[in-house]
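Read the figures in this text as sums done on the coordinates, not as results from a lab. What you see is a predicted model; the values in this text were computed from it and never measured. Positions of Cβ are backbone-derived with ideal geometry, glycine not excepted, and every protein chain shown enters the neighbour counts.
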Amino acid sequence: MDIAVVARESGLPPSTLRYYEKKGLIRSNGRNGLRRTFDSGVLERLALISLGRSAGFSLDEIGAMFTPQGPDIDKQLLTRKADELDRKIKQLTTMRNGLRHAAACPAPSHMECPTFRRLLRLTTKHVSRTSHELDNH
């Protein structure tokens, strides 16, 4: 399949396909003139990459799951990522609920609303923890 067909079928721009090839995530099987060509199996591989990206995996983590024999997915890594998503869902749910409350709160100002102030404290803790995690990487 020509790179333009792969781009159209996958919804990814050719530049992304070239980047994925450079990173070793996909492999072209030759050229037709100046255009790269790919085996039809590339679409399934791109779907796996897309799924991994949607779940929050880095391209390096995704690349480590691909072997010449096919995907070899580390179940412990999947469990850790699922736990991470659970924490993120909980955090986002709390934030959403706080914002909905603040939007309908009868307090004269948001700073007088205990629920809004609790949301601020939770956000401060998260920002502080995230900054600390980034500093340690």
Work out the charge dipole of the chain with +1 on the Cβ of Lys and Arg and -1 on the Cβ of Asp and Glu about the Cα centre, then indicate which of 91, 47, 34 is farthest towards its positive end. 91
Testing the spin-label approximation: label points 7 Å from Cα along Cα→Cβ at residue 122 and residue 51. State their distance in nm. 3.1
Once you wrap a convex hull around the alpha carbon atoms of region 3-71, what is its projected area averaged over all directions, in nm²? 4.4
Can you tell me the relative contact order of region 3-71? Whole percent, Cα pairs under 8 Å, sequence separation 6 or more. 26
Please compute the Cα-Cα pair-distance distribution of region 5-45 with 10 Å bins starting at 0, giving whole percents from short to long. 29, 67, 5
Point-to-point label distance, residue 84-residue 43, nm (Cα→Cβ direction, 7 Å offset): 3.0
Compute, for region 52-110, the length of the dipole vector about the Cα centre, with Cβ point charges of +1 (Lys, Arg) and -1 (Asp, Glu) only. Units Debye, rounded to 20. 400
In debye, nearest 20: dipole of the chain around its Cα centre with unit charges on the Cβ of K, R (+) and D, E (-)? 400
Averaging sequence separations of C-alpha pairs under 8 Å and six or more residues apart, then dividing by the length of the chain, give the relative contact order as a whole percent. 14
Close lysine pairs (the chain; alpha-carbon distance under 25 Å; 8 or more apart or on separate chains) counted at 8
Take the chain, compute every pairwise Cα distance, and split them into 5 Å bins from 0; I just need the percent in each bin. 2, 8, 14, 14, 11, 10, 10, 9, 8, 6, 4, 2, 1, 0
The extension gain from residue 112 to residue 67, computed as 0.36 nm times the residue separation minus the Cα-Cα distance, is 10.5 nm
